[in-house]
Amino acid sequence: MKHDHRSGQLDLSALHLLHRAGQCAEVLFANETSKTDLTPRQYAVLACVAQNPDISQTGLVEQTGVDRSTLADIVRRLVKKGLLQRKRTRSDARMYAVRLSAKGQSTLGSIKPIAARVDQRILSVLRSDQRSDFIEALGEIVRAMSRHAAQN
């Protein structure tokens, strides 16, 4: 792949390109879900809780990659919206376990097809033979960087 170096280095920067791709994906998600008042991070938290009922907020931090204070705010907002239920764990009264409410299950059920459409739109810009490699590469970046962050 040839690059025009007169345009600067941003077009060669993984950091910049991942950031821009993330921005584009968030705009697509926001446009598709504008009537739901749900952000991509809130969707990720709901989806994670659905896969891990009674997960701790620490577990949510580890699974979603959202920092602790932001995650606490997201959970607080989702509890206020009636989408999540939060209770103290039996094993440690300082920790909260989080689960979907009935309204949260319903909301997640209506958002999943929208999120799938957004994924399809994002991947549609790639050739079909590139799509699984792209997802695999993104996953490897996330896993490797998460391991690195945990070690430091």
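What follows draws every value from the coordinates through simple rules; no lab data is involved. If you're wondering where the values come from, they're calculated on a predicted model, not measured in any experiment. For neighbour counting, all protein chains shown are included, and Cβ atoms are generated from backbone atoms with ideal geometry for every residue, glycine included.
Based on the mean of other Cβ atoms within 10 Å per residue, sort peptides 45-54, 132-141 so the most packed one is first. Walk me through the intermediate numbers first.
On the way: 45-54: 17.4, 132-141: 11.3.
Sorting 45-54, 132-141 by mean packing, highest first, produces 45-54, 132-141.
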Counted charge near Ser110, where neighbours are those whose Cβ lies closer than 13 Å (Asp, Glu -1; Lys, Arg +1)
+2
Using 7 Å Cα-to-Cβ label points, what is the Leu15/Ala116 separation (nm, one decimal)?
3.8
Based on the Cα gyration tensor of the chain, what are the three equivalent ellipsoid semi-axes, each the root of five times an eigenvalue, rounded to whole Å and given largest first?
32, 20, 13
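How much length is gained on full extension from Ala149 to Ser101, taking 0.36 nm per residue of separation minus their Cα-Cα distance? If you can, show how the numbers build up before the last one.
Numbers: separation 48, 0.36 × 48 = 17.28 nm, distance 3.25 nm.
Additional length available on full extension: 14.0 nm.
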Result row for the chain, helices from DSSP H with C-alpha axial extent 30 Å or more and mean Kyte hydropathy at least -1.0, is 102-123, 128-151
